[in-house]
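Peer 1: Mind having a look at this structure? Questions to follow.
The values are calculated or read from the model by the stated rules, or taken from the named source; none is laboratory data. Given the structure is predicted, the values throughout are model-derived calculations rather than measurements. Reconstructed Cβ throughout: ideal geometry from the backbone, glycine too, with neighbour counts over all protein chains shown.
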Amino acid sequence: MEKNLLIIGAGSLGAIAKEIAEEIAEEMGTFQKIDFLDDDSDLAIGKFSDIERFAGEYRFGVVALEQWELRRKYIMKLEENCYTIPVLVHPRSFVGKYARIQKGTIVEPMATVQSGSFVGSSVVVSSGCIVDANTYVSDFCNLSAGSIIPSGSALMEPMEIPAGEVYRAESQSDIKSTGMPSYKTDDEWVQKYQSDFGTEPTFF
């Protein structure tokens, strides 16, 4: 069980997740064994329904499925079965010191997440994507390759930003009216998160 990682989904995103995990393992000595669960892949050691069966052998689990609804479904299954859900950040990406990234998010090579940004749970930040400073990205968003989330943007619900697209946010006054957390101090946006979700955010 020690430092073993189970990836839910053996498709293209799963392959990227495994590559990132292997890079992390090489640099930091984590993830001694990495395997897949998938309903339709010869690479998998079992089906999606086997999450509970493998809980005693794999300490870590992450969901690498393109459809955000399925990521939400299976991250809940992982949590129900007491897996630890890591953030997978490729060593050749850039994440600012004061960026906040939640559990299950995958940051691919050459992606950038600037300081002051908040990236929710199980977000896919694809290669070449730029999440600029002081942005808010909701849980389960797909930020495709080369997309740009400009400073001050608020993605308040799960959405996909197509490859190469610059997200056109509302005006700053509109963003404030949606309840986007202020980043002037940590306390302000933590209080907002607690108000919205009834719990403190978990940082990784």
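Peer 1: Could you count how many residues in region 83-107 are out of contact with any Lys or Arg (no Cβ under 9 Å at 6 or more places or on another chain) and either in a loop (DSSP other than H, G, I, E, B) or of a type in the set (K, R) (or both)?
Peer 2: 12
Peer 1: Restricted to region 26-42, and to residues that are at pLDDT 95 or above and among the hydrophobic types (A, V, I, L, M, F, W, C), which residue is surrounded by the fewest Cβ atoms within 10 Å (Cβ to Cβ)?
Peer 2: Out of the qualifying residues, it is I34.
Peer 1: Taking into account only those residues within region 108-124 that are among the aliphatic types (A, V, I, L, M) and part of a loop (DSSP other than H, G, I, E, B), which is nearest to S153 (Cα to Cα)?
Peer 2: That would be V123.
For (1) among the small types (G, A, S); (2) surrounded by fewer than 17 Cβ atoms within 10 Å (Cβ to Cβ); (3) without any contact (Cβ under 8 Å) to a residue 40 or more places away in the chain, each residue gets a yes or a no:
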| site | (1), (2), (3) |
| --- | --- |
| K73 | no, yes, yes |
| P86 | no, no, no |
| T105 | no, no, yes |
| A111 | yes, no, yes |
| G120 | yes, no, yes |
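Peer 1: Return a yes/no flag: does region 141-148 have any residue that is more than 21 Å from Y74 (Cα to Cα), under 13 Å from the mean Cα position of the chain (by Cα), part of a strand (DSSP E or B) and not hydrophobic (A, V, I, L, M, F, W, C).
Peer 2: Looking for residues that are more than 21 Å from Y74 (Cα to Cα), under 13 Å from the mean Cα position of the chain (by Cα), part of a strand (DSSP E or B) and not hydrophobic (A, V, I, L, M, F, W, C), one finds none in region 141-148, hence no.
Peer 1: If you go through region 37-44 one residue at a time, do you hit one that is outside the structural domain of F140 (by TED's automatic domain parsing), outside any loop (DSSP other than H, G, I, E, B), farther than 18 Å from L5 by Cβ and free of Cβ contacts under 8 Å to residues at least 40 places away in the same chain?
Peer 2: no
Peer 1: Turning to a different aspect of this structure: Checking D50 against (1) buried (at least 18 other Cβ atoms within 10 Å of the Cβ); (2) over 19 Å from the mean Cα position of the chain (by Cα), which test does it fail?
Peer 2: (1)
Peer 1: Filter region 164-185 for residues that are buried (at least 16 other Cβ atoms within 10 Å of the Cβ), in a loop (DSSP other than H, G, I, E, B) and at pLDDT below 50 and give the result.
Peer 2: M180, P181, Y183
Peer 1: Could you check region 122-134 and list, in sequence order, the residues that are of a type in the set (G, A, S) and surrounded by fewer than 21 Cβ atoms within 10 Å (Cβ to Cβ)?
Peer 2: S127, G128, A133 - these are the residues of region 122-134 that are of a type in the set (G, A, S) and surrounded by fewer than 21 Cβ atoms within 10 Å (Cβ to Cβ).
Peer 1: What's the number of the only condition in (1) surrounded by 13 or more Cβ atoms within 10 Å (Cβ to Cβ); (2) acidic (D, E); (3) under 23 Å from M159 (Cβ atoms) that E23 fails to meet?
Peer 2: Answer for E23: the failing condition is (3).
Peer 1: Residue check: is L70 in the same structural domain as E23 (by TED's automatic domain parsing), in a loop (DSSP other than H, G, I, E, B) and not acidic (D, E)?
Peer 2: No.
Peer 1: Continuing with this model, one more query. For region 135-163, which residues satisfy the criterion of being of a type in the set (S, T, Y), buried (at least 22 other Cβ atoms within 10 Å of the Cβ) and closer than 13 Å to Q114 by Cα?
Peer 2: Within region 135-163, T135, Y136, S153 meet the criteria.
Peer 1: Going by what's in this entry, would G96 be described as buried (at least 22 other Cβ atoms within 10 Å of the Cβ) and farther than 19 Å from M159 by Cα?
Peer 2: Spelling it out, it is not the case that G96 is buried (at least 22 other Cβ atoms within 10 Å of the Cβ) and farther than 19 Å from M159 by Cα.
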